[in-house]
Amino acid sequence: MRYITVKNYDELSTKAAALICAQVNVKPNCVLGLATGSSPLGTYAKIIEKCANGEVDFSEVTSINLDEYMGLDGTHDQSYRYFMNTNLFSKINIDLAKTHVPNGCAADLEAECRAYDALIAEHGGIDLQLLGIGLDGHIGFNEPDKYFEKATHVVELDPSTIEANARFFASEADVPRKAVTMGMGGIMTAKKVLLIASGKNKKEIMEKAFFGPITPEVPASILQLHPDLTVIYSEE
Ligand code: F6R
């Protein structure tokens, strides 16, 4: 594990964008595993700049996102498909047909989960997986549990996750209670993992996740076993 501490969010975003763009330059048809939330916004802004400057070309890249709220379709402004289209895909030269986000409105969610794992396998796995971390240690929406869940699955969101994500909705009551998330199998078989986190409020969970015991009660702690993990943290 490379655990890099930087002085602020801007530096974190610059470093993360550089690593992602290096991946795309080394393997133009790579598969990027992408995340939503506040943490990657700065990284995505830097990637957009690099793409506009001609430093990187996303035309052959495939992206596979981690998760989606159940019941929100891509036109809902809090859906993760909408987030990705707005904050990244519409601003770089990626082929929208090569971008994938779980369908939280699928009639048969179990089949959707199986199809999502098949999609990851068909692409030979993820080359570089970008992750944020929740205050309870979740990655994707793999919430604290008694065991690590390997496959893509439907999850009940933790009250702490609902509370943390309420800032994006009109009220806490509007936050969906369930989501579809890639499981630990998809994440752990990624060739490289890059986790980014910032803020004093994440300091405690970062210490638990990366320097504490490996336990499904702190889902991100499994990443300690990943052979090519980079973590970038800034307190500010
Ligand atoms: C989002 C995701 C989540 C977030 C986590 C941190 O696709 O997978 O695990 O990374 O909830 O969210 P922020 O970055 O908003 O603190």
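In contact with a Leu (Cβ under 8 Å, 6 or more places away or on another chain) and not in a strand (DSSP E or B): is that true of G104 in this structure?
In short, yes.
Residue check, F141 against (1) within 10 Å of the ligand (Cβ to nearest atom); (2) open to solvent by 70 Å² or more (accessible area, probe 1.4 Å), all met but one. Which one?
Only one criterion is unmet by F141, namely (2).
List the number of the failed condition for T161; all other conditions in (1) under 13 Å from the mean Cα position of the chain (by Cα); (2) open to solvent by less than 10 Å² (accessible area, probe 1.4 Å); (3) near the ligand (Cβ under 9 Å from one of its atoms) hold.
Answer for T161: the failing condition is (1).
With respect to A179, is the statement that it is among the aliphatic types (A, V, I, L, M), within 21 Å of T75 (Cα to Cα) and crowded, with 20+ Cβ neighbours inside 10 Å true? Outline the logic, then answer.
Working: among the aliphatic types (A, V, I, L, M): yes; within 21 Å of T75 (Cα to Cα): yes; crowded, with 20+ Cβ neighbours inside 10 Å: yes.
So A179 fits the description; yes.
Say whether the condition of being over 15 Å from the mean Cα position of the chain (by Cα) and over 16 Å from Q224 (Cα atoms) is met by at least one residue in segment 181-199.
Within segment 181-199 (the criterion being over 15 Å from the mean Cα position of the chain (by Cα) and over 16 Å from Q224 (Cα atoms)), the answer is yes, since at least one residue qualifies.
Among the numbered conditions (1) over 13 Å from the mean Cα position of the chain (by Cα); (2) within 14 Å of the ligand (Cβ to nearest atom); (3) open to solvent by 30 Å² or more (accessible area, probe 1.4 Å); (4) charged (D, E, K, R), tell me where D136 comes up short.
Every listed condition holds for D136 apart from (3).
Please enumerate the residues belonging to segment 152-185 that are touching a Lys or Arg at 6+ places or on another chain (Cβ under 9 Å) and in a helix (DSSP H, G or I).
Hits for segment 152-185 are I162, M184, G185.
So P159 clears everything in (1) touching a residue at least 12 places away in the same chain (Cβ under 8 Å); (2) over 22 Å from L41 (Cα atoms) except one condition, right? Which one?
(1)
Out of segment 1-46, which residues are under 25 Å from E68 (Cα atoms) and outside any helix (DSSP H, G or I)?
N29, C30, V31, L32, G33, L34, A35, T36, G37, S38, S39, P40
Looking at A118, A111, which one is exposed (fewer than 14 other Cβ atoms within 10 Å of the Cβ), away from the ligand (no atom under 15 Å from the Cβ), outside any loop (DSSP other than H, G, I, E, B) and within 19 Å of the chain's Cα centre (by Cα)?
On the way: A111 fails: within 19 Å of the chain's Cα centre (by Cα).
Going through A118, A111 in turn, the sole match is A118.
Within segment 63-72, is even one residue away from the ligand (no atom under 14 Å from the Cβ), over 18 Å from N165 (Cα atoms) and surrounded by fewer than 23 Cβ atoms within 10 Å (Cβ to Cβ)?
No, segment 63-72 contains no residue that is away from the ligand (no atom under 14 Å from the Cβ), over 18 Å from N165 (Cα atoms) and surrounded by fewer than 23 Cβ atoms within 10 Å (Cβ to Cβ).
The values are calculated or read from the model by the stated rules, or taken from the named source; none is laboratory data. A quick note: this is a predicted structure, and the numbers were derived from the prediction, not measured. In this analysis, Cβ positions are derived from the backbone assuming ideal geometry, glycine residues included, and neighbour counts consider all displayed protein chains. Quick note on the areas: whole protein, heavy atoms, side chains included, nothing else; ligands and nucleic acids left out. Shrake-Rupley method; radii C 1.70, N 1.55, O 1.52, S 1.80 Å.
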